[in-house]
Amino acid sequence: MVGQPYMLDPMVEAMPRDQLQDLQDQRLRRAVRRCYDRVEMYREKFDEAGITPDDIKSTADLPKLPLTTKDDLRARFPLRGLLAVPRGQVIRYHMTTGTTGKPTVSPLTRDDVFRAETALARCGAAIGIGSGDVVQMMFGYGLFAGSVLCQPAFEKILGAAVIPAGAALPSATQLDIMHDFRPDVVAATPSFLLHVIEVAKDKGIELNRLGVKGVLTGAEPSSEETRLKIAVAFGAVIYGDIYGMCELGPHFCVECPEHRGLHFNEEAFIPEIIDPDTGESLGPGEKGMLVITCLLKEAMPILRYQTKDITYLDDSPCVCGRTHTRIQRIMGRTDDMVKVKGVQIFPSQVEAVIRNVAEVKDSEFQMLVDRSRAAVDSMTVKVEAQEKTPELKQKLQDEFQRAFLGAHLKVELVDLGSLPRFSHKAQRLVDTRQL
Ligand SMILES: [Zn+2]
């Protein structure tokens with residue numbers, strides 16, 4: 001029942017660390033051997049780096065392996081020299097929608113699909129989803145892996161009922177469904193939920209009276225302030241930032257009821273943090289780029305994948321009983337990071353500042369910057385506001401100054417409703433060269 005969290009696979013999720021370590025070492029050796037024997041891209045990479053599968057005996061040897069990038073996969077689009085199984089064993093192809101270039105493809109075998117569904121079922125169990133619960137699924141269906149995997153996970157593994165609303169229906173229709181079917185859980189991207197909240201307000205609907213007990217978010221990073229706002233609006237507990245990546249197979253962690261980061265499914269994936277500039281390995285607590293090795297992926301195994309996501313590892317024990325290492329909430333992507341006068345700024349941090357200023361706490365915003373330059377001197381932030389007063393502009397500028405000491409952020413107040421809304425992933429960082 002929602003609100004009564006449980007562990008779906010305690011034998012795995014709470015496995016003692018020494019056993020887990022042995023399991024990882026054993027699976028890593030097998031995965032590396034398999035990549036070398038079956039995947040052309042890895043054979044080339046290993047040969048180029050002058051290493052053989054025998055050089056990798058345990059997770060401690062991981063830094064010896066070359067990194068894999070999105071460009072490596074794109075260069076072989078769709079799957080040239082990437083498959084480790086005969087095509088007939090692939091039962092599903094997911095792919096990114098290719099908004100930032102050629103799409104990346106994720107072929108899955110029957111077991112790959114089952115593992116991905118299990119990973120999502122663990123997320124559902126951590127909220128307490130089970131038989132008798134109703135979930136309104138508002139993640140997109142289609143090429144995107146989210147809903148297509150989440151739905152069978154919740155239905156078949158957890159026994160809940162799912163309403164496949166998807167992300168294409170307008171917010172007003174989503175609200176009608178919520179009103180008529182009283183889902184226990186709604187699942188969507190934070191940006192879509194913010195839009196639903198806005199529409200509910202316009203229509204005078206009290207969201208917190210619809211009986212939603214849990215909100216499941218994912219597919220894009222969000223600030224603590226946004227999460228709080230969503231939780232308060234629905235009068236529900238928010239779980240989330242279900243985190244995954246299409247090409248990796250695709251979901252790999254679970255947020256436990258303690259809300260202190262995301263436990264990595266370490267029986268199937270190994271997380272590492274590296275310095276994005278030097279590639280050097282970083283320890284727990286040190287912020288850097290997340291790199292992921294798939295231990296069990298059959299169709300398209302991947303070693304040391306550069307996610308471009310910025311976070312840090314936390315290996316301190318968690319009272320929920322899960323023994324798997326946690327990653328902290330994704331702070332942003334290296335692609336989304338802007339350096340203004342040397343100060344690193346992510347859209348999620350700008351959002352956090354805006355959500356704390358009463359007059360604009362519900363406002364949409366946009367960050368305008370010239371991305372052709374590695375470092376810029378200033379950035380303009382457009383913020384929607386009811387009253388476009390010089391006082392409010394100054395107040396926001398002062399708040400940004402406090403948050404990003406040394407960087408100069410210019411504020412431009414714009415009309416309510418004039419900036420783009422997002423039903424899938426928010427794109428609030430805009431390259432001025434494209435305007
Ligand atoms: Zn935990």
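Restricting attention to the range 338-434, close to 35% of DSSP beta bridges with both partner residues there are antiparallel.
The accessible surface of the chain, taken with every protein chain in place and a 1.4 Å probe, is 51 percent carbon and sulfur.
A cut-off under 15 angstrom between Cβ atoms defines the neighbours of Phe252, and their net charge, with Lys, Arg +1 and Asp, Glu -1, is -3.
Sparsely packed loop sites in the range 185-259 (the GluC sites (Glu not before Pro) outside DSSP H, G, I, E and B with at most 15 other Cβ atoms within 10 Å) comprise Glu206, Glu258. Near Pro317, once Lys and Arg are set to +1 and Asp and Glu to -1 for all other residues with Cβ below 15 Å from its Cβ, the sum equals -2. Looking at the range 327-416, the GluC sites (Glu not before Pro) that sit in a DSSP loop and have at most 11 other Cβ atoms within 10 Å of their own Cβ are Glu387. Spin-label model, Lys203 to Phe181: label points 7 Å out along the Cα-to-beta-carbon direction sit 1.5 nm apart. Adding -39500 (n - 2.57) for every DSSP H run of four residues or longer, then dividing by how many residues the chain holds, sets the calculated 222 nm ellipticity at -8500 deg cm²/dmol.
So how much slack lies between Lys361 and Ala168, counting 0.36 nm per residue of separation and subtracting their Cα-Cα distance, in nm? The partial results should precede the final answer.
On the way: separation 193, 0.36 × 193 = 69.48 nm, distance 2.61 nm.
My answer for the length gained is 66.9 nm.
Taking all Cα pairs closer than 8 Å and separated by 6 or more residues, the relative contact order of the range 120-196 comes to 39 percent.
Projecting label points 7 angstrom from Cα along Cα→Cβ for Glu48 and Leu143 puts them 2.6 nm apart. Take every Cα pair under 8 Å whose residues are at least 6 apart in sequence, average their separation, divide by the length of the range 229-318, and the relative contact order is 20 percent.
In the neighborhood of Leu62, defined by Cβ-to-Cβ distances under 9 Å, what is the net charge if each Lys or Arg adds +1 and each Asp or Glu adds -1? List each step's numbers first, then the result.
Values: positive: Lys64, Arg304; negative: Asp61, Glu272.
Local net charge: 0.
With a cut-off of 18 Å on the backbone N, the residues of the range 264-282 near the modelled label site 7 Å out from Gln344 along Cα-Cβ are 272-282.
How long is the gain from Met11 to Gln328 if the chain were fully straight, where each residue apart is worth 0.36 nm and the alpha carbon distance is subtracted? It would help to have the intermediate numbers written out before the result.
Details: separation 317, 0.36 × 317 = 114.12 nm, distance 2.36 nm.
Using 0.36 nm per residue and subtracting the Cα-Cα distance, I get 111.8 nm.
Partner lysines whose Cα lies under 16 Å from the Cα of Lys341, excluding those fewer than 8 positions away in the same chain, are identified as Lys410.
Between Lys102 and Glu387, full extension at 0.36 nm per residue minus the direct alpha carbon distance yields a gain of 98.4 nm.
Both radii come from the Cα set of the range 308-419: Rg as radius of gyration, Rh as Kirkwood radius; their ratio Rg/Rh reads 1.07.
Here the range 145-169 and the range 355-434 have alpha carbon centers that stand 35 Å from each other.
The chymotrypsin sites (Phe, Trp or Tyr not before Pro) of the range 90-192 include none that meets both criteria, a DSSP state outside H, G, I, E and B (loop) and at most 12 other C-beta atoms within 10 angstrom of the site's C-beta.
Could you work out the relative contact order of the chain, using alpha carbon pairs under 8 angstrom and six or more residues apart, expressed as a whole percent? It would help to have the intermediate numbers written out before the result.
Working: 897 pairs, mean separation 63.0, N = 435.
Computed value for the chain: 14 percent relative contact order.
DSSP assigns beta bridges within the chain; of those with both partners inside it, close to 55 percent run antiparallel. So what's the gap between the Cα centers of the range 186-235 and the range 308-338, to the nearest angstrom? Cα centres, the range 186-235 to the range 308-338: 23 Å.
Over the C-alpha trace of the range 1-137, radius of gyration and Dmax come out as 18.6, 56 angstrom. In the full protein context, the chain carries 43 Å² of accessible surface per residue, based on a 1.4 Å probe and ignoring ligands, DNA and RNA. Taking every Cα-Cα distance in the range 1-333 and sorting them into 20 Å bins from zero, the calculated P(r) comes out as 32, 57, 11, 0 percent.
The values are calculated or read from the model by the stated rules, or taken from the named source; none is laboratory data. The shown structure was predicted, so the numbers you read here are calculated from the model rather than taken from an experiment. Neighbour counts run over all protein chains shown; Cβ positions are idealised from the backbone, glycine included. Areas reflect the complete protein model, heavy atoms only, side chains present, ligands, DNA and RNA absent. Shrake-Rupley method; radii C 1.70, N 1.55, O 1.52, S 1.80 Å.
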